[in-house]
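Working notes for the structure below.
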Amino acid sequence: MKKTILFSLLAVFMGSLVFTGSKTFADELSGYDIALKVKNANKSTKRIVWSKLTVKEKGKVVEQRTLVLKTFRKDNKDKALFRFTSGLKRDVTMLSIEQEEGKDNIQYVYTPGVGRPRQIDSSEKQNNFEDTDFTNEDLGARKIEDYTYKRLGDETLKIGKQSFTCFVVVSENKNPNAKYPKYKTWIDQQSLVPVKIESYGKDGTMKKTGVSAAVKEVKPGIFMSYYVYAKDLETGHESIMTVTNVVMDPSDLSENLFEPANMSKPWKEK
Amino acid sequence: MKKSILLFILLFGLLSASLFAEEGNIGGNEEVIEVDIPDELNHTDGNSQLTQTDGAFPGSNQPVSEKTYDFKGKFTGWISGGVKENHSTYFNYDRLQLELTELYHEITFYVKANARYNTIYLNDADTDRRGENVRFDLAEAYVNYEKTFDTALSQFNLLIGQQVFKWGKADEVRPTDILSPQDLTLFALEDRNDRKLGRFALKTAIAFGSALRFEGIWMPIHRASESTQDEQSLFTQKSMIELQKNGFSVNSTQMPEKKLKESDIALKMYANLLGTDFSFSFYNGYDPLPFSKLLDPMGLKKLQPFLSRVTLWGLDFERVAFAGIVVRGEAAYFSKGMKFGVSPENFALYSAKGMDGVDGKRFLDATLGLDKNDFLIAKAYLNLQYSVNHIFDYEEGLKSRYGTKTEKTNHALIWNLSYEFGGLNYKIEFSGNYNFSQKDFMLKPAFHIKMGAETKIILGAYLFGGDEDTLLGQYSDKSFGYLKLEHLF
């Protein structure tokens, strides 16, 4: 039960199982149950996702760059690699390796100028990844046991042209010093994709918000969002990630790639 | 009648409220969130039926963004002017770096080449022509064969060709990172990895999962680090200039014999234990950074740069510590081959050591560092590195390998403090190096401005200080400010 969780907008890329229980069963689920189901949902053994990242400053587009995400799942543990493939951050690569219960996930960042991977400390989980509005936690550092969960009443959201009947779960960080001690998350009941999230600061006010939309089934029973939006409400900084391509179960994606020593390896995916 | 109507309205209202409240729990009220989703992603019919029946949504399983080759480059241009009295520093330095990567299944072919132009040199007197204005350099050109396995032995690599090696987990000062020669004609103007020169090598690596990896490198061809020798060049060591003023001429670097037995061998074992990444390393080969000895100091007066074969035992580690701090350390123990200068001014020692101006000593070079993102405030970054070295059997009057002042034990602090702001379009940075033992320093303030997705300019300075017989103090009259352009393509 006490597995790690990628309970975030981006974590939808990494799912595998789909929860399709009856409404009665769904009504009985606690916040923790839902978080656990999200963690285990929409998983695939191997996946490659091409995305375009748009960064906005005060509503104005300041930069666009491309990003490739690769995931690998084995023994119910996820490994993920993110690489910028254009812009000044070109070839900056992040590796996230899920650990067992009670241990923080391990994350490394490889920067070409440094020439070797560097570890990221777990207390930096809620820092933004490079200059995006996505935190390291969003990219795979979040652990299910880091939070307590409370389910609120279900709600319906319409995002873009899609409507979602959602579980609503408030998760509170057990660490009182967390940068974002509370999240409120709307999870689509059909796909188990988190489609809206609000991040709250220590003062209780909302600091960040995000939605994921254009949810599609990429393989029977596996859903993912093709559009992810995050906004820092204090700075007005916005990040929009649009998926441009997905390849499921690529035969040439090896687990060996998900090693710190291999983070600098060239990829054919651009 | 009116009462009945009012009662009916009240009951209807209560019932409606009750129903809405119940529906609220199962998704009755619909919040509409407007997002600017690209049309090609927004083609669903508006209900929550997500399952695709035709599998035809755009961008799925269409490997349109794969390339078996990748060509990219980086241009860096500097314009600089001195800030001290005689303004001897004024230069333009441009560097174009091109990289080509080709992937053929299990084989990767990689080439990195540099073209450089600079106006730093007036080097007619440089016998090695190290300072020509235009130069081309093949930094790397190798083939990497990789095989992966679903066994305990998980990966095998074989790399053959011109390669650059990056050893160590520390930052600017990396005691174990001596395998690759460096272009030091511009001193520390460029980052350590950009200064490195390639050398032919055969490298093999085998990995046993993520916990254990071995690396072996054989380098049969030698290449020396390059630095300037003439007085006109900006970063020529003062001790070399003084010797030339005293009538010494400088020979070309004496390289090892071209024999297999002179090959360099490097071994490294990487491991991860209890969340700590660490490695042990061993190197038996020539230190690419030349030492200098005096030939016939009373007669022909020649200064002979040469490579010395060293034996290095190394250790490095990195682990997350606490409060967002990552700690890393590195140590190199030279059991053989490390040389130090002996000045003729200290005649007793000089004559006792054979009057060639060098003496070999065991040497320990170590560093311990930490870094912290969001240091005190968001987007501030701090990197601190404490460096210490120790000369075993030290004798009073020894000089460093650069001919500058040294103590038995030397301590230095290297730091980098930066803060990004304005939507990360600006960065203010203050880095530097202060040696507590010699009290010399180099300060590097800089201001970065992002001009576009792939372009930035940096306005900064290199400020040197200390006595003129110290490593950094010898350039104290050559402090300069600069404007640097960096563009990726």
Requested in this report: Identify all residues within segment B:421-442 that are outside any loop (DSSP other than H, G, I, E, B) and surrounded by fewer than 18 Cβ atoms within 10 Å (Cβ to Cβ); write none if there are none.
Outcome: B:Phe421, B:Tyr426, B:Ile428, B:Glu429, B:Phe430, B:Gly432
Query raised in the report: So, in segment B:195-205, of the ones that are surrounded by 16 or more Cβ atoms within 10 Å (Cβ to Cβ) and not in a loop (DSSP other than H, G, I, E, B), which residue ends up farthest from the other protein chains (Cβ to nearest Cβ)?
Result: B:Phe200
Query - Exclusive hit being within 27 Å of B:Asp36 (Cα to Cα) and of a type in the set (D, E, K, R), set A:Lys174, A:Lys184, A:Lys268 - result: A:Lys184
Requested in this report: Just give me the residues in segment B:155-179 being farther than 20 Å from B:Tyr333 by Cβ, among the polar types (S, T, N, Q) and more than 11 Å from chain A (Cβ to nearest Cβ), in sequence order.
Outcome: B:Gln162, B:Gln163
Query raised in the report: Hey, any hits in segment B:283-303 for a residue that's farther than 30 Å from B:Ile241 by Cα and assigned to a strand (DSSP E or B)?
Result: yes
Requested in this report: Please work out which residue is nearest to A:Ala261 (Cα to Cα), limiting yourself to segment B:135-192 and to residues that are assigned to a strand (DSSP E or B) and either within 12 Å of the chain's Cα centre (by Cα) or among the charged types (D, E, K, R) (or both).
Outcome: B:Glu146
Requested in this report: Determine which single condition A:Ser16 fails, assuming it passes every other condition in (1) buried (at least 20 other Cβ atoms within 10 Å of the Cβ); (2) modelled with pLDDT under 80.
Outcome: (1)
Query raised in the report: Any idea which of (1) away from chain B (no Cβ under 13 Å); (2) touching a Lys or Arg at 6+ places or on another chain (Cβ under 7 Å) is the one A:Tyr180 doesn't satisfy?
Result: (1)
Report task. Identify the single condition in (1) of a type in the set (Gly, Ala, Ser); (2) buried (at least 18 other Cβ atoms within 10 Å of the Cβ); (3) at the interface with chain B (Cβ under 10 Å from one of its Cβ atoms) that A:Ser199 does not satisfy, given that it satisfies every other one. Result -> (3)
Query raised in the report: Only one residue in B:Ser418, B:Ser387 is more than 14 Å from chain A (Cβ to nearest Cβ), part of a strand (DSSP E or B) and crowded, with 17+ Cβ neighbours inside 10 Å, so which one is that?
Result: B:Ser387
Report task. Answer yes or no as to whether B:Glu215 is in a loop (DSSP other than H, G, I, E, B) and surrounded by fewer than 23 Cβ atoms within 10 Å (Cβ to Cβ). Result -> no
Query raised in the report: From the list A:Thr185, A:Thr165, A:Thr205, A:Thr242, which residue is surrounded by fewer than 17 Cβ atoms within 10 Å (Cβ to Cβ) and either at negative phi or of a type in the set (S, T, N, Q) (or both)?
Result: A:Thr205
Query - Some residue of segment B:341-353 being away from chain A (no Cβ under 14 Å) and under 25 Å from the mean Cα position of the chain (by Cα) - result: no
Query - Residue in segment B:273-316 that is surrounded by the fewest Cβ atoms within 10 Å (Cβ to Cβ), counting only those that are hydroxyl-bearing (Ser, Thr, Tyr) and within 30 Å of B:Phe200 (Cα to Cα) - result: B:Thr311
Requested in this report: Quick one: in segment B:299-328, of everything that is β-branched (Val, Ile, Thr) and closer than 14 Å to B:Tyr283 by Cα, which residue is nearest to the other protein chains (Cβ to nearest Cβ)?
Outcome: B:Val310
Query raised in the report: Within segment A:52-96, how many residues are among the hydrophobic types (A, V, I, L, M, F, W, C) and more than 29 Å from B:Gly423 (Cα to Cα)?
Result: 1
Report summary line: Within segment B:209-268, of all residues that are of a type in the set (Lys, Arg) and within 14 Å of chain A (Cβ to nearest Cβ), the one nearest to B:Gly357 (Cα to Cα) is B:Lys268
Requested in this report: Examine segment A:20-34 for a residue that is β-branched (Val, Ile, Thr), farther than 14 Å from A:Pro194 by Cβ and either touching a Ser or Thr at 6+ places or on another chain (Cβ under 9 Å) or modelled with pLDDT of 90 or more (or both), and state whether such a residue exists.
Outcome: no
**Report entry** Check on B:Lys450, out of contact with any Cys (no Cβ under 8 Å at 6 or more places or on another chain) and either over 30 Å from A:Ser239 (Cα atoms) or surrounded by 19 or more Cβ atoms within 10 Å (Cβ to Cβ) (or both)
**Finding:** yes
Report task. Determine which member of the set B:Ser233, B:Ser249 is out of contact with any helix residue (DSSP H, G or I) (no Cβ under 7 Å at 6 or more places or on another chain), within 30 Å of B:Pro344 (Cβ to Cβ) and surrounded by fewer than 16 Cβ atoms within 10 Å (Cβ to Cβ). Result -> B:Ser249
Query raised in the report: Applying the selection to segment B:149-176, what residues are closer than 23 Å to B:Phe278 by Cβ and of a type in the set (D, E, K, R)?
Result: B:Lys166, B:Lys169, B:Asp171, B:Glu172, B:Arg174
Query raised in the report: Of all residues in segment A:85-144, how many are aromatic (Phe, Trp, Tyr) and at pLDDT 85 or above?
Result: 2
Query raised in the report: Somewhere in segment B:329-336, is a residue crowded, with 20+ Cβ neighbours inside 10 Å, in a strand (DSSP E or B) and within 14 Å of chain A (Cβ to nearest Cβ)?
Result: yes
Query raised in the report: Which of the residues that make up segment B:436-489 are in contact with a helix residue (DSSP H, G or I) (Cβ under 6 Å, 6 or more places away or on another chain) and among the acidic types (Asp, Glu)?
Result: B:Asp440, B:Asp467, B:Glu468
**Report entry** Filter result (among the hydroxyl-bearing types (Ser, Thr, Tyr) and farther than 28 Å from A:Val114 by Cβ) within segment B:283-310
**Finding:** B:Ser292, B:Ser308
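The values are calculated or read from the model by the stated rules, or taken from the named source; none is laboratory data. Since we're looking at a predicted model, the values are computed, not measured. As a convention, Cβ positions derive from the backbone with ideal geometry for all residues, glycine included, and neighbour counts pool all protein chains shown.
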